[in-house]
Number of protein chains: 2
Amino acid sequence: MTLNKPTPDCCVDFAFQRIGGKYKGRIMYSIHTHGVSRYGQLKKLIAGITPKMLTQTLRELENDKLIHRKVYTEVPPKVEYTLTESGQKLIPFIEYLKEWVEELVSSNPDHELYKHHELYGR
Amino acid sequence: MTLNKPTPDCCVDFAFQRIGGKYKGRIMYSIHTHGVSRYGQLKKLIAGITPKMLTQTLRELENDKLIHRKVYTEVPPKVEYTLTESGQKLIPFIEYLKEWVEELVSSNPDHELYKHHELYGR
DNA sequence: CTGGATCCCTTGCGATACTG
DNA sequence: CAGTATCGCAAGGGATCCAG
């Protein structure tokens, strides 16, 4: 018996479980644009995230092998996060999303997105 | 004052609110591959969805102008769903996800994804 | 500095029954 | 055929405090 390809339905479900959460996309994109990142650095970059959610989301991404976690056993503690190869392959996809939103907004300057400009540094 | 672009953070959040739910991707992809679709047709295509979730998700997609809903005032009732132009622009993005998952799985035949084959018609 | 533990609330989603 | 209505659970996420 040979393996069939998973169905599109199946793939979409699967992928969204990996990148669906509230912060997963933002964290991965942040690591991408800023390169190797440390915990405290990400906490500043991801506006509004709590330590709990940051830790939890980083662990999930690590379990799914989208990021890699490197611990330096020294005092004070130091941990570095990088994108794995698999994680890097999701970046163009996030870029695409970004362009889609930009286009949507530029064609409508009154867009609700701008209601949140104080949060996002317009 | 001129409008700046929304930040990447902002865009990722925004996009995921639009396409993040459990069924949004699957519904849009289904309308894409099968063309103009009716309610009952989608209910068969989207395995496991309840009428409540189907209706709710369709309404959200409609509000976000990703799909269009056309009602025929006749007996028996008939409603047709199509992708809007904005909605169609998200399809390549779903395709990309699909390829990402296929690649992930093909390099690992024991992948957990296959645990669900009875659901997805392997 | 990089988290873990706990409490609590909201939202998403499922199950079931009913309707113009 | 194309939905609505109601109930209820479970997961996601926020706030706060604690720790090696």
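The values are calculated or read from the model by the stated rules, or taken from the named source; none is laboratory data. The model shown is predicted, which means the values in this text are computed figures rather than measured ones. Positions of Cβ are backbone-derived with ideal geometry, glycine not excepted, and every protein chain shown enters the neighbour counts. Only protein heavy atoms, including side chains, enter the accessible area calculation; ligands, DNA and RNA are left aside. Shrake-Rupley method; radii C 1.70, N 1.55, O 1.52, S 1.80 Å.
For residue A:53, what accessible area in Å² do you get when you roll a 1.4 Å probe over the heavy atoms of the protein chains, rounding to the nearest 10?
Looks like 60 Å² after rounding.
Compare the Cα positions of B:31, B:45, B:61 along the charge dipole of segment B:23-67 (+1 at Cβ of Lys, Arg; -1 at Cβ of Asp, Glu; about the Cα centre) and return the one farthest towards the positive end.
The residue sitting farthest along the positive end of the dipole is B:45.
Which value in deg cm²/dmol, rounded to the nearest 500, describes the helix-derived mean residue ellipticity at 222 nm for chain B, given -39,500 (n - 2.57) per DSSP H run of n ≥ 4 and division by the residue count?
Dividing the helical sum by the residues of chain B leaves -16000 deg cm²/dmol.
Give me the percent of the accessible area of segment B:1-105 that comes from carbon and sulfur atoms, probe 1.4 Å, all protein chains in place.
Answer for segment B:1-105 is 54 percent, counting heavy atoms of protein chains only.
Only Lys, Arg, Asp and Glu count, each charged at its Cβ (+1, +1, -1, -1), so figure out the dipole size of the protein assembly as shown about its Cα centre, rounded to 20 debye.
Computed charge dipole of the protein assembly as shown: roughly 540 debye.
What's the average, rounded to a whole number, of partner chain beta-carbon atoms within 10 Å of each residue's beta-carbon in A:91-103? Provide the component values of the computation, followed by the final result.
Working: counts 0, 3, 7, 5, 2, 6, 10, 10, 3, 10, 10, 5, 2.
Mean shielding count: 6.
For the pairing of chain B with chain A, what total accessible surface becomes buried, with a 1.4 angstrom probe, in square angstrom to the nearest 100?
Working: alone 9220 and 9210 Å², together 13530 Å².
What B and A bury together is about 4900 Å².
When each copy gets a label point 7 Å from Cα toward the beta-carbon at residue A:55, what are the spacings between them in nm, shortest first?
Going from nearest to farthest copy, the values are 4.3 nm.
Let me check against my output: what whole-number percent is the relative contact order of chain B, with C-alpha pairs under 8 Å and at least 6 apart?
23
How much length is gained on full extension from residue A:36 to residue A:71, taking 0.36 nm per residue of separation minus their Cα-Cα distance?
11.3 nm
Please list the radius of gyration and Dmax for the protein assembly as shown, considering alpha-carbon atoms only, with Å as the unit.
When restricted to the Cα atoms of the protein assembly as shown, Rg and Dmax are 19.9, 75 Å.
Can you compute the charge dipole magnitude of chain B about its Cα centre, using +1 on each Lys and Arg Cβ and -1 on each Asp and Glu Cβ, nothing else charged? Give it in debye, rounded to the nearest 20.
Here chain B has a charge dipole of around 580 debye.
Could you state the number of Å between the C-alpha centres of segment A:25-94 and segment B:28-99?
35
Quick one: label points 7 angstrom along Cα→Cβ at residue A:85, distances to the other copies in nm, smallest first?
For residue A:85, the inter-copy label distances come out at 4.1 nm.
With only alpha-carbon atoms in the gyration tensor, what are the semi-axes of the equivalent ellipsoid for segment A:47-106, in Å, largest first? Write down the numbers at each step before the final one.
Working: eigenvalues 161, 47, 20 Å².
They are 28, 15, 10 Å, listed largest first.
Can you work out the Karplus-derived ³J(HN,Hα) for every residue in segment A:14-27? Use 6.51 cos²θ - 1.76 cosθ + 1.60 with θ = phi - 60°, whole Hz, and x for glycine or proline.
My calculation for segment A:14-27 gives 4, 4, 5, 5, 7, 10, x, x, 5, 10, 4, x, 5, 5 Hz in order.
For the protein assembly as shown, report the accessible area per residue in Å² (1.4 Å probe, heavy atoms, rounded to an integer).
It amounts to 55 Å² per residue over the protein assembly as shown.
Would you list which lysines come within 24 Å of residue A:65, measuring only between C-alpha atoms, while excluding same-chain residues fewer than 8 positions from it?
Within reach: A:5, A:22, A:24, A:43, A:44, A:52, A:78, A:89, A:98, B:22, B:98, B:115.
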